[in-house]
Amino acid sequence: MEEKKPIKVVILCGGRGTRLVEETEYRPKPMVHVGDRPILTHIMDIYSGYGFKDFILTLGYKGAMIKDYFLNFDYYTNDFTIDLGEGKVITPHTRRHPDWRITLANTGEETLTGGRIKRIEQYIEGDTFMLTYGDGVSDIEIDQLLNYHRKMGKIATVTGVHPMTRFGELDIEDGLVKEFREKPQVKTGLINGGFFVFQREVFDYLSEDGSLEREPLENLARDGELAIFPHDGFWHCMDTYRDMEHLNEIWASGDAPWKQ
């Protein structure tokens, strides 16, 4: 059945990012830069590239910095000229101006992920919405994810991904290293990579003081209402300082797999 309302994209932006304290001491993790802009905007670009441009950002830790960024988006993302002699006339030289609609919702500084989602229920207008974390990028095809969710007909779909190992992988034969792969992607086993699709019935599984990753997903799985969309392509989260450096290296190469 065709959606009557635009599908909202919820991005969890409220956590403290304690494993990336070198950066998150000063800013929320979604505002840590990959290249010359926050990773949050890279994630929004992924969805926007498939036509999903209506976002809800769940704010918490240092959320005012995210509000300020989007309130002053033109000035943070473009060159501009200030003419002080003419009453401070500001002329932006526009390079990038996405047609996004963004709801910035305060969901509490210490709130867990499930509680953050529960607190934005009022902003979900249709039967279906998407959700992901504010620190992970992927070359996932969002339209295929959504089609898979509709085909499965469940309340929730989670994207299963192959994580990057934190250690080099050795291919050994007869006591010799035949190949060394620096931090390759694990080929066996899937983990929660975010990029969820939910029906609004998921709110019945959520509480304002709980985590999404515990009882809600466990209970959805128990009830046979949690589908998994396996993604074999690129996925990487920014959990540590080394992750941030690696993502910046990939972006600087000019061949970032998630780039739209």
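FYI, it's all coordinate maths here, none of it is from the lab. Remember, predicted model here, so these are calculated numbers, not experimental data. All Cβ positions, even for glycine, are placed from backbone atoms using ideal geometry, and neighbour counts span all protein chains on display.
Highest GNM mean-square fluctuation among Ile39, Ile11, Ile120, for the chain modelled with Cα contacts below 10 Å: Ile120.
Between Pro38, Pro230, Pro98, the GNM of the chain built on Cα springs shorter than 10 angstrom shows Pro98 fluctuating the most. Count Lys and Arg as plus one, Asp and Glu as minus one, and take only other residues whose Cβ is under 13 Å from that of Ala221; the net charge is then -2. Each residue of the stretch 103-109 is assigned a 3J(HN,Hα), and the resulting list reads 9, 9, 10, 6, 10, x, 6 Hz, derived from the Karplus form 6.51 cos²θ - 1.76 cosθ + 1.60 (θ = phi - 60°), x at Gly and Pro. Of all the options Leu220, Leu112, Leu84, the one that moves most in a Gaussian network model of the chain with Cα springs shorter than 10 angstrom is Leu84. Relative contact order, whole percent, for the chain stands at 24, derived from Cα pairs under 8 Å and 6 or more residues apart. Remark: the stretch 247-257, residue by residue, has Karplus-estimated 3J(HN,Hα) of 5, 5, 5, 4, 5, 5, 5, x, 10, 5, x Hz, where x stands for each Gly or Pro and the curve is 6.51 cos²θ - 1.76 cosθ + 1.60 at θ = phi - 60°.
Length available on full extension from Ser253 to Met164: 0.36 nm per residue minus the Cα-Cα distance, which gives 30.2 nm.
Electrostatic tally near Asp255: other residues with Cβ closer than 15 Å to its Cβ, Lys and Arg +1, Asp and Glu -1, net -1. Would you mind classifying the stretch 8-252 by shape? Square roots of the alpha carbon gyration tensor eigenvalues, ordered a ≥ b ≥ c; an a/c under 1.5 is rounded, otherwise it is prolate if a/b is larger than b/c and oblate if not. It is oblate, given that a/c is not under 1.5 and a/b is not larger than b/c.
Bridges between two residues of the chain, per DSSP, are antiparallel at a rate of about 50%. Charges were assigned to the Cβ only: +1 to each Lys and Arg, -1 to each Asp and Glu. The resulting dipole of the chain about its Cα centre is roughly 480 debye.
A Förster radius of 41 Å combined with the Cβ-Cβ distance from Ala221 to Val21 puts the calculated FRET efficiency at roughly 0.80.
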